[in-house]
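S.K.: Dropping the structure in here first, questions after.
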Amino acid sequence: MKEVKIETKLDIYEDFDELPKSIQSLMELAIEARDNAYAPYSKFNVGAAILLDNNETVIGSNQENACYPSGLCAERTAIYYAGAKYPKAKILKMAITASSQNQVTDKPIPPCGSCRQSIAEYEIKQNLPIEIYFMGVQGKVVKSSSLANLLPLLFENSVL
């Protein structure tokens, strides 16, 4: 048997104001999307904003449904829209923010497992890392230079 250690490198910003201005602008779009989320069941609003290599930005918010599996997370709403609207564009950066109507979200909220897998598909497809920034409503902001940092053992098409 051999033990393997997998390490993840993340950059931590103390708060929103410490982010580069361009990322603040992207995160502001994610905040706007978060505030327009449809989350009557979970009371957990999420917004995402994506910057593409053609300088277009795409946003998404979580959209819930009384039949829970029929809803869609903000990250997948945004990434699928980007793929449908701009199929040749590459995703450069993604900003994600989440808020709870039940408590203060003062910790960075990363994408869920399903969203990580969906983001991974696009990162692999475009053969270019996607920078991901995520936060709650307040507090620290985390930057990952690639989805591979958040999901190091990717399930990808080469195994199919």
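S.K.: Answer rounded, prolate or oblate for the chain, using the Cα gyration tensor with square roots of eigenvalues a ≥ b ≥ c: rounded when a/c is under 1.5, else prolate when a/b is larger than b/c, else oblate.
M.R.: rounded
S.K.: Based solely on its DSSP helices, what 222 nm [θ] is calculated for the chain when runs of n ≥ 4 H residues each add -39,500 (n - 2.57) and the sum is averaged over all residues, nearest 500 deg cm²/dmol?
M.R.: Details: 3 runs with 41 residues, N = 160.
Value at 222 nm, helices only: -8000 deg cm²/dmol.
S.K.: Please work out the average accessible area per residue across segment 1-138, using the 1.4 Å probe convention, and give it in Å².
M.R.: For segment 1-138, the per-residue accessible area is 57 Å².
S.K.: Work from the charge dipole of the chain (Cβ charges, +1 for Lys and Arg, -1 for Asp and Glu, about the Cα centre) and give the residue of GLN138, ALA30, VAL159 farthest towards its positive end.
M.R.: VAL159
S.K.: At 1.4 Å probe size, with the rest of the protein present, what percent of the exposed accessible area of segment 12-120 is carbon and sulfur atoms?
M.R.: Carbon and sulfur: 51 percent of the exposed surface of segment 12-120.
S.K.: Another question, then. Please identify every one of the GluC sites (Glu not before Pro) in segment 104-160 that sits in a loop by DSSP and has no more than 13 other beta carbons within 10 Å of its own beta carbon. Intermediate results must be reported in sequence, preceding the final value.
M.R.: On the way: sites: GLU121, GLU123, GLU131, GLU156; in loops: GLU156.
Sparse-neighbourhood loop GluC sites (Glu not before Pro): GLU156.
S.K.: Report ³J(HN,Hα) in whole Hz for each residue of segment 137-154, in order, from the Karplus equation J = 6.51 cos²θ - 1.76 cosθ + 1.60 where θ = phi - 60°; Gly and Pro get x.
M.R.: Computed from phi, the couplings for segment 137-154 are 8, 8, x, 5, 10, 9, 10, 10, 6, 7, 4, 4, 5, 8, 9, x, 9, 5 Hz.
The values are calculated or read from the model by the stated rules, or taken from the named source; none is laboratory data. Because the structure is predicted, anything quoted here is derived from the model rather than measured. Cβ coordinates were reconstructed from backbone atoms using ideal geometry, including for glycine residues, and neighbour counts include every protein chain displayed. Ligands, DNA and RNA are excluded from the accessible area calculation, which covers all protein heavy atoms including side chains. Shrake-Rupley method; radii C 1.70, N 1.55, O 1.52, S 1.80 Å.
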